[in-house]
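In what follows, a single structure is set out as structure tokens and then discussed.
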Amino acid sequence: MQSKRGSRIAIVMALLLAVGLGAGWWWSRRAPEPDAAGPMASAGPAEPPATATATVAAAHERDVDGPAAELLRARAPNTVPRVSTFTRSYDPPPGRAVDVVAALQPRAEAGDNEAAFYLFVKVEGCRYALYHGASSGARPAPVRGDDVETQLIARTPTQCHGLTPDQYRNNVRWLEQAADSGIAMAQLSYARNAEAVIGNSSQMLSDPEKVIAYRRKAMHYMQRAAAGGSIEGLTSLSDAYTYGVITRRDPVRAYAYYHAVGLADPRFISERRMSAHASQLTPEQLALATLQGRRIYDACCKQ
């Protein structure tokens, strides 16, 4: 029991590190640029040795738990494979947060999933400012004994004034509604923003089970985005298996998903990063990862 609890605490600590490194992600929601190292002329490095390919091919044919099979299970019904990338930024709607909430919440409650995501975006911007924004000299500093609303006013920009604690606490429901509906940006926003979903470091440490549930759901959302052909979804899964925070570290799958990105759109990979992934693998692993990457591409993106 003690070792099980220790492993869960370790999971939480790893996730906390990721949250600390990625706290500012929200303000860079734009269509991805090609890798800074430059696009590759082809979708990957030289093919692995033929003997290694032959060694793993038969086993791969029987791999019902491979990444391509996971994508097929995660795919929403009636999804037609097609490569896509974000072409919109989902910037927060202008105006006071309380006015945006008043306008969008009835639409979200009626099933408008785009409205639900924009609602989340607006309130999340205020939540981020509440916990991470620099204090303005024009705002009075909160003092001991202030009520909750006074503290919120002191810690947030004017456009956020009037939001209630419940609106902050319940904001994730709108993100989940949008993600469940299939909006890829919402699905990846969930996976990239653990703090918005499960709270700050103290809340994470106090509830390891919630962290474990978050990791599981975040992986499902990334797989579902990738299964629909999202370049960002494929790249996010490669990152997840590279760093081992959201899921276990797996260099074979990290390479496979990045290889699939190259097959889908070579503009979004670099030879340097592909080589870095390959350097972690034996020839047999590289052969398997290449085959898995092709299967991932067939599952998500081949038309």
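The values are calculated or read from the model by the stated rules, or taken from the named source; none is laboratory data. What you see is a predicted model, and the numbers here were worked out from it, not measured in a lab. Every residue, glycine among them, receives a Cβ derived from its backbone with ideal geometry; neighbour counts consider all protein chains shown. Ligands, DNA and RNA are stripped out before the accessible areas are found, and what is left, the full protein with its side chains, is counted by its heavy atoms. Shrake-Rupley method; radii C 1.70, N 1.55, O 1.52, S 1.80 Å.
Kindly indicate whether Gln303 is assigned to a loop (DSSP other than H, G, I, E, B), at pLDDT below 95 and over 21 Å from the mean Cα position of the chain (by Cα). When the stated conditions are applied, Gln303 passes them.
May I ask you to list the residues in segment 80-106 that are open to solvent by 40 Å² or more (accessible area, probe 1.4 Å) and closer than 30 Å to Val252 by Cβ? Of everything in segment 80-106, those that are open to solvent by 40 Å² or more (accessible area, probe 1.4 Å) and closer than 30 Å to Val252 by Cβ turn out to be Val80, Arg82, Val83, Thr85.
Every residue, every condition in (1) closer than 19 Å to Val83 by Cβ; (2) without any contact (Cβ under 8 Å) to a residue 60 or more places away in the chain; (3) open to solvent by less than 20 Å² (accessible area, probe 1.4 Å), yes or no:
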residue: Tyr255; (1), (2), (3): no, yes, yes
residue: Met274; (1), (2), (3): yes, no, yes
residue: Leu286; (1), (2), (3): no, no, no
residue: Gln292; (1), (2), (3): yes, no, yes
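Of the helices (runs of 4 or more DSSP H) lying entirely inside segment 107-191, those containing at least 1 residues that are open to solvent by less than 40 Å² (accessible area, probe 1.4 Å) and at pLDDT below 90 span 113-132, 148-155. Give me the residue from segment 266-300 that is assigned to a helix (DSSP H, G or I) and among the β-branched types (Val, Ile, Thr) and, out of that set, nearest to the chain's Cα centre (by Cα). So, considering only residues that are assigned to a helix (DSSP H, G or I) and among the β-branched types (Val, Ile, Thr), the one nearest to the chain's Cα centre (by Cα) is Ile296. Exactly one residue out of Arg249, Arg253 is outside any helix (DSSP H, G or I) and over 22 Å from Val172 (Cα atoms): that is Arg249. Condition check for Arg216 on (1) out of contact with any Lys or Arg (no Cβ under 6 Å at 6 or more places or on another chain); (2) open to solvent by 10 Å² or more (accessible area, probe 1.4 Å); (3) under 19 Å from Asp91 (Cα atoms): one failure, at (3). Please specify each residue of segment 256-303 satisfying the condition of being among the aromatic types (Phe, Trp, Tyr) and farther than 20 Å from Leu72 by Cβ. Passing the criteria: only Phe268. All of (1) surrounded by fewer than 21 Cβ atoms within 10 Å (Cβ to Cβ); (2) under 22 Å from Ala69 (Cα atoms) hold for Gln280 with one exception: (2). Of all residues in segment 65-86, those that are assigned to a helix (DSSP H, G or I) and either of a type in the set (Ser, Thr, Tyr) or within 13 Å of His220 (Cβ to Cβ) (or both) total 4.
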